[in-house]
């Protein structure tokens, strides 16, 4: 590694890496720590894992969160793909508005959009609950999904669809056999991303959950607020492993299968912005 | 152009007057295209724009103190409530905290991004993964882990005392812990766009600058810095804007004592029930953000080529 | 008269205010190798796309095999296209790419197999059926695109500058292969390119377009030796031009008075009238340089020479005719720079262009 030429930057970078990874290591280590008070290492134990896996709140929370995440991911994909297909033949002005709305949904602090949606549901007497949460998640999830799908769409040679038509495929067949196939890696990656974001979400879930079952992150928040137990570390590590695996899969799928004919890495998402 | 994707194909076997089929095909095409846009319209208009508009509207409303009904009537009372020292202090502190954290994030992030960009492609990929993977872990768990780390008797406290400090670090549940939490969560978001900008710099430019007599520092100032500005500004937007509305981090690391704008806002809706005031707060946050965005966007040099 | 393979009748194509193709009338005969050439933006690609069905004419009509194609979508036309970017489906292997059209036509599995094998053999890519497009070289991808189009046995094959991305050697090889292929398969080819040499080497007939207008259609010889306008003359080669006026018709020749020189005989298109203003065209290779000035002859002095191997280009200046270019054989002594030489040309090598077209 090229360290010698930039000693200052190198040392800062090292500190940054430590900074970024320290909490993760602490969580991982403490999840096996017998000692409950943070007074050091008390011996190895899987007690907290047992507690976590049998905790009814946690199990319900997990089920609820999985349901929400899957529902929101699917909904977001439908919105993202249809939007991207529209975008292809849209006028520059319409596109600018569309892109602006994507940007707005991502940039706006979640508290503000969750608040606003909460208020709307209140006013139209829409029951808060799982459906409301799914809708709330989908507002910004669809924006993230749209970015990924659109980036891939933009890289598609338009001649591909013309070639399909030229060879006898109707518009529907063209979509099925060519466009969708080419978009599939991006769709899968976007779906996994949306799922992970939903899985992890606190703010919107807190606002819109109403009387329904509590999603896992909110369960964790409650545990943090009221009884800080090391069980949280165990749950935390499991959740972390889960989301890291999903995101790694997303990146791999997008980068390898997605690079049919062109170089694709996760930074292309940024460049597409 | 004249092709419709996803529209109903109209076949013509005989030769009709040219005008008729063309008109019909365009209509079907447009109709189908609008159909494609419908889901997006539903989610953005109905679930995003309309609620925000509603909030803006009700920010001019008031709460009946007796029956706690919220009704709409033009009053600026909610906005004037900001001038009360209680809220003004908190809000001002909230803004200052967000801004300073964003700046710290920018400096540190830029240094790191610069370091990455000077490495071999393989090392770059490794470093990027090392930065992004923590970002993929549960946000709330990461934030919570700082409670462990920062508390008195926690590892950092003991480390500082081992170095000779008296008393405890007393960081947890203060502005500082919130700042650290925000810095921690948003650092990857700052590093990535800056890195993308830096990576675009053609290494030949350094040679050219050197050939024209620039020392390493001057090269940095005159080549690297200006070309990193778009990424820097993008990073500041991506970090600074959400940071202003942070809710989870102050909740967990502020311990209910130190509040930021996001917490106050949530409070109005989830506990106090003072929707109009909350709405005013939400609108104010949005206004501040738009001003911020606008100024930053103006500062950004011509859009980078895709 | 048998149906034309493609009949373009009074077609105009507008994109908003821009007129891409105007008043086009063109017939492509079955089984011929037909090319459309012209500079960028002349409307040749637009014309091709209209035949394929990707664009609809604003006015006018296009027929393929005698059947009116107005309003017929590309997937229902008996026409296939080889795209400039090849447009191979990246997620399918060579076999499935070539079989694509057959699958859309719901051809049976056994027949698909036979026909794809046939097409792949035709373009000499046997053994690569399982490869993905990204594993193939540019030339190989191009041949897959060709096979994919031909396997459907279209009435007309459209090719949109397919050789543009290939290097020179490969391009020349492919040109020969395409010409042989067309001869053996017998399908009507409609080929678009900006490269005049490419079109000439392969085509039976060539159409020259400029700014949306059809300038001339004919065999390569006709276009080169008997251009209809100054634009065509310049597009397919260099030309020396002298202004003049028609004085009369003698047998199948015209008598022309060339400014500054006097009366000469030349060939020209039918219908030029006495007194008409014309340009006299003499190709550089037909300009003869003599060591000495003959009596009553023209003279010029040599400005510069360039040795190109098989040829030598000589730039001259003549007091009466202005700047001239001549081409001579590469062998032999080059004329000395600054020397005075005699100029002449055979009457048959002079061609008349109406001066009204000179502005194009």
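Descriptive notes on the structure:
- Simple label model, 7 Å out from Cα along Cβ direction - residue B:125 to residue A:66, nm: 3.4
- Shielding value for A:205-214 is 1, the average number of Cβ atoms from other chains within 10 Å of each residue's Cβ.
- Axis of helix C:168-185 versus longest Cα principal axis of chain C: the two differ by about 70°, to the nearest ten degrees.
- With each label modelled as a point 7 angstrom along the Cα→C-beta vector, the residue B:168-residue A:17 pair spans 3.4 nm.
- According to the Cα-based calculation, Rg over Rh for segment C:127-258 is 1.12, with Rh computed by the Kirkwood formula.
- Overall form of segment C:299-343 per C-alpha gyration tensor (a/c, 1.5; a/b vs b/c): prolate
- Neighbouring partner chain Cβ atoms per residue of C:100-109, average, 10 Å criterion: 3
- Label point at residue C:67 placed 7 Å out along Cα→Cβ; residues across segment C:4-34 whose backbone nitrogen lies under 15 Å: C:4-7
- Nearest-ten-degree value, helix C:138-150 long axis tilted from longest Cα axis of chain C: 70
- Rounded to 0.05, the FRET efficiency of the residue A:34 and residue A:91 pair, given R0 = 41 Å and the Cβ-Cβ distance, is 0.05.
- Hull volume in cubic angstrom per residue (convex hull over the Cα atoms of segment C:227-344): 115
- Additional length obtainable on full extension of the chain from residue A:107 to residue A:255, 0.36 nm per residue less Cα span: 50.7 nm
- Modelled this way, with points 7 Å down the Cα-to-C-beta line, the labels at residue C:270 and residue C:247 are 2.6 nm from one another.
- Size descriptor, Kirkwood hydrodynamic radius, that averages inverse alpha-carbon separations across chain A, Å: 21.3
- Förster-model FRET efficiency, 60 Å R0, residue B:204 and residue C:15, C-beta, rounded to 0.05: 0.90
- Neighbouring Cβ atoms from other chains, within 10 Å of the Cβ of residues in A:141-147, number 2 on average.
- Out of every Cα-Cα pair that chain C contains, those further apart than 27 angstrom amount to 56 percent.
- Rounded tilt (10° steps) of A:130-154 against the dominant C-alpha axis of chain A: 50
- Over the protein assembly as shown, volume per residue of the alpha carbon convex hull, in Å³: 255
- Separation between Cα centres of segment B:266-291 and segment C:120-153, rounded to whole Å: 63
- Calculated FRET efficiency for the pair residue C:176/residue C:130, C-beta based, R₀ 25 Å, to 0.05: 0.35
None of the figures in this text is laboratory data; all of them are computed from the coordinates on show. Since this is a predicted model, take the numbers as computed values, not measurements. Ideal geometry is used to build each Cβ from the backbone, glycine not excepted, and the neighbour counts take in all protein chains shown.
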